[in-house]
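The values are calculated or read from the model by the stated rules, or taken from the named source; none is laboratory data. This one's a predicted model, so the numbers in the text were calculated from it and none came from an experiment. For neighbour counting, all protein chains shown are included, and Cβ atoms are generated from backbone atoms with ideal geometry for every residue, glycine included. Side chains included, ligands, DNA and RNA excluded: accessible areas come from the protein's heavy atoms. Shrake-Rupley method; radii C 1.70, N 1.55, O 1.52, S 1.80 Å.
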Amino acid sequence: MSRTPVAAGLPDFPWDSLADVTAKAHSHPDGIVNLSVGTPVDPVDPVIQEALSSVAEIPGYPTTHGTLALREAVAESLDRRYNIPDVDPTAVLPAIGTKEMIAWLPTLLGLGADDLVVIPELAYPTYEVAAKLAGARVLRADGLNKLGPESAAMIFVNSPSNPTGKVLGLEHLQKVVAWARERGAIVVSDECYLGLTWEADALSILDPRVNDGDLTGLLAVHSLSKTSNLASYRAGFVTGDPALVSELLEVRKHAGMILPLPIQAAMTAALGDDQHENIQRERYRERRSVLIEAVRGAGFTVDNSEAGLYLWATRGEECRATVSWFADRGILVAPGEFYGPSGSKHVRIALTATDERIAAAAKRLSA
């Protein structure tokens with residue numbers, strides 16, 4: 001029997017290529033400042049921890065659809081935090097982390113070799129992986145003109161962007177929705193950084209100003225990893241077009257893609273409490289202020305970076321040389337080429353380090 005391993009059709013995992021510069025950064029006398037991955041470092045709020053443990057004694061299977069309390073908390077939080085009204089709780093589906101949801105969306109929705117998936121020119125690597133897992137074709141395009149007469153089956157948009165922090169305006173999002181509806185494409189909006197805006201206001205694809213109150217063909221993916229420090233919980237959800245969410249639910253029930261009940265309870269608490277989220281946002285705002293001044297002071301240009309958890313920086317050289325320059329100072333950053341060919345002269349610098357480590361990085365950059 002011969003078979004083709006699934007992994008053979010996927011790109012190399014980008015961060016595996018950072019072993020040498022990671023070792024170099026670790027050798028700094030004051031230790032490494034790891035700004036290469038956007039992983040939270042601040043503690044999970046006690047309100048969330050208590051909710052997690054409150055259902056620890058329950059032995060039965062949770063439902064794939066999630067508890068009604070969770071789905072109602074999602075709908076209420078989207079209205080309260082982002083002015084997205086009238087989300088139907090039945091059209092909310094929890095995910096085992098949004099990376100999992102994004103990676104499997106084209107497959108779960110039946111895309112295949114005859115289909116085209118459009119992703120941003122600078123993009124979170126999992127969008128490309130998602131298309132490849134489904135056997136679909138991939139096109140990087142920030143403008144719909146690049147597609148010409150060809151239609152797409154799915155379009156990923158990401159605002160605020162990872163890695164660039166760019167925010168897409170109302171007119172841009174309206175054009176994407178209109179184009180997709182003319183051609184029967186599904187629009188998947190990755191909105192994991194929607195609650196972390198600094199110099200621009202970000203809009204959801206579910207905002208009535210974007211879609212005229214019609215959610216047909218639209219899906220929004222949200223994560224609690226960034227705003228609630230729940231990366232270790234693997235807590236996210238998708239909502240939007242009720243028909244598409246129902247389709248996803250049916251497949252996920254068969255596949256056993258079920259979010260554990262304690263995580264559902266924790267999510268419900270997190271979505272119902274804005275105070276911890278506001279505190280965390282201000283932590284990142286302060287870290288961003290310290291870091292952006294130091295990066296610019298070291299001779300770098302910071303492009304976009306209006307929102308999200310990263311600075312998109314360049315000094316006009318190849319990104320691997322810049323990564324090495326930072327590693328010489330004990331700072332690990334991500335090469336822009338991880339996110340697409342047009343990132344070859346940028347690096348992505350995460351804000352997700354403690355105040356002490358951010359201060360250490362700023363001091364080293366100022367030396």
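Mind checking which residues of the stretch 328-349 are surrounded by fewer than 23 Cβ atoms within 10 Å (Cβ to Cβ) and small (G, A, S)?
Within the stretch 328-349, G330, G340, S342, G343, S344 qualify.
Rundown of residues vs (1) under 26 Å from G213 (Cβ atoms); (2) modelled with pLDDT under 95; (3) surrounded by fewer than 22 Cβ atoms within 10 Å (Cβ to Cβ), yes/no style:
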position: F237; (1), (2), (3): yes, no, no
position: G240; (1), (2), (3): yes, no, no
position: K253; (1), (2), (3): no, no, yes
position: A270; (1), (2), (3): no, no, no
position: I279; (1), (2), (3): no, no, yes
position: R283; (1), (2), (3): no, no, yes
position: V290; (1), (2), (3): no, no, yes
position: G297; (1), (2), (3): no, no, yes
position: G308; (1), (2), (3): no, no, no
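So which pairs qualify, if the first residue must be in the stretch 116-127 and more than 14 Å from A153 (Cα to Cα), the second must be of a type in the set (A, V, I, L, M) and assigned to a helix (DSSP H, G or I), the Cβ gap must be under 9 Å, and the two must be at least 6 apart or on different chains?
Every condition considered, the pairs that remain are Y124/I102; T126/I102; T126/A103.
If L249 satisfies all but one of (1) open to solvent by 10 Å² or more (accessible area, probe 1.4 Å); (2) under 27 Å from F156 (Cβ atoms); (3) not in a helix (DSSP H, G or I), what's the number of the condition it fails?
(3)
So which of G9, G97, G38 is surrounded by fewer than 15 Cβ atoms within 10 Å (Cβ to Cβ) and in contact with a Lys or Arg (Cβ under 8 Å, 6 or more places away or on another chain)?
From the options G9, G97, G38, the qualifying one is G9.
Considering only helices (runs of 4 or more DSSP H) fully contained in the stretch 1-89, which possess at least 3 residues that are in contact with a Gly (Cβ under 9 Å, 6 or more places away or on another chain) and over 30 Å from Y339 (Cα atoms)?
Passing ranges, in order: 68-82.
Restricting attention to the stretch 197-221, report how many residues are open to solvent by less than 10 Å² (accessible area, probe 1.4 Å) and closer than 23 Å to V41 by Cα.
1
Which of the residues spanning the stretch 180-196 are surrounded by 18 or more Cβ atoms within 10 Å (Cβ to Cβ) and either touching a Gly at 6+ places or on another chain (Cβ under 9 Å) or modelled with pLDDT under 95 (or both)?
Residues satisfying the conditions are A180, A185, I186, V187, V188, S189, C192, Y193, G195, L196.
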